[in-house]
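For reference, the structure discussed in these notes is given below.
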Amino acid sequence: MTEAAYDTDNIFAKILRGEIPSQRVYEDEAVVAFMDVMPQGPGHTLVVPKASSRNLLDADPSIFGHLLSVVQKVALAVKKAFGADGVTVMQFNEPASGQTVYHLHVHVIPRFEGIPLKPHTGQMEKPEVLAENAEKIRTALQS
Ligand code: AMP
């Protein structure tokens, strides 16, 4: 089956263009990381390449090396910022897998022994909590 085309008006494309707000924790020439507004745990961060693709399946493989190096950087930072025991890294492709936003992104979620993840796309977090958590991650990224 042919997959749908990339929609330039998807919500992450709008965030990348600065048309809607986000709590950014990292940005370079090719990648942005910002807080997930419906976190599955405190510090849930999304790492997003600036290059347009729906997901991993249609992405240019030349972006993966740098993207994964930023995922590692952010994973180390969230682990440190929240004193986590581990970090879950997840990525979904097409609706059957659970993908809901059709611009490639990688979930980076600090994990704590014995504490399960909250549901995927559950409750909206308060903006002030997202801002506070983003600041912790920015600080950890700088140290
Ligand atoms: P996926 O199901 O992998 O496509 O994940 C999409 C993620 O984007 C979900 O975890 C949502 O909570 C998150 N999300 C949706 N809208 C926004 C937004 N405006 N800013 C940040 N995260 C968002």
Notebook entry, point to check: Condition test on Ile20, is it surrounded by fewer than 19 Cβ atoms within 10 Å (Cβ to Cβ), without any contact (Cβ under 8 Å) to a residue 60 or more places away in the chain and in a loop (DSSP other than H, G, I, E, B)?
Noted result: yes
Check: What residue, among those in segment 30-51 that are among the aliphatic types (A, V, I, L, M), more than 9 Å from the ligand (Cβ to nearest atom) and open to solvent by 10 Å² or more (accessible area, probe 1.4 Å), is nearest to Ala134 (Cα to Cα)?
Finding: Ala30
Notebook entry, point to check: Consider Leu67 against the criteria (1) within 15 Å of the ligand (Cβ to nearest atom); (2) free of Cβ contacts under 8 Å to residues at least 60 places away in the same chain; (3) within 22 Å of Ala131 (Cα to Cα): it satisfies all of them except one. Which criterion is unmet?
Noted result: (3)
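Every residue, every condition in (1) within 13 Å of the ligand (Cβ to nearest atom); (2) open to solvent by 20 Å² or more (accessible area, probe 1.4 Å); (3) not in a helix (DSSP H, G or I), yes or no:
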position: Gln72; (1), (2), (3): no, yes, no
position: Leu76; (1), (2), (3): no, yes, no
position: Ala84; (1), (2), (3): no, no, yes
position: Val108; (1), (2), (3): yes, no, yes
position: Gln123; (1), (2), (3): yes, yes, yes
Checklist line | Filtered residues of segment 86-106 (kept if in contact with a strand residue (DSSP E or B) (Cβ under 8 Å, 6 or more places away or on another chain) and buried (at least 19 other Cβ atoms within 10 Å of the Cβ)) | finding: Val87, His103, Leu104, His105, Val106
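The values are calculated or read from the model by the stated rules, or taken from the named source; none is laboratory data. Everything numeric here is computed off the predicted structure, so don't read it as measured data. Don't worry about glycine lacking a Cβ; one is built from the backbone with ideal geometry, like all the others, and counts go over all protein chains shown. Please note that ligands, DNA and RNA were not included when accessible areas were found on the heavy atoms of the full protein model with its side chains. Shrake-Rupley method; radii C 1.70, N 1.55, O 1.52, S 1.80 Å.
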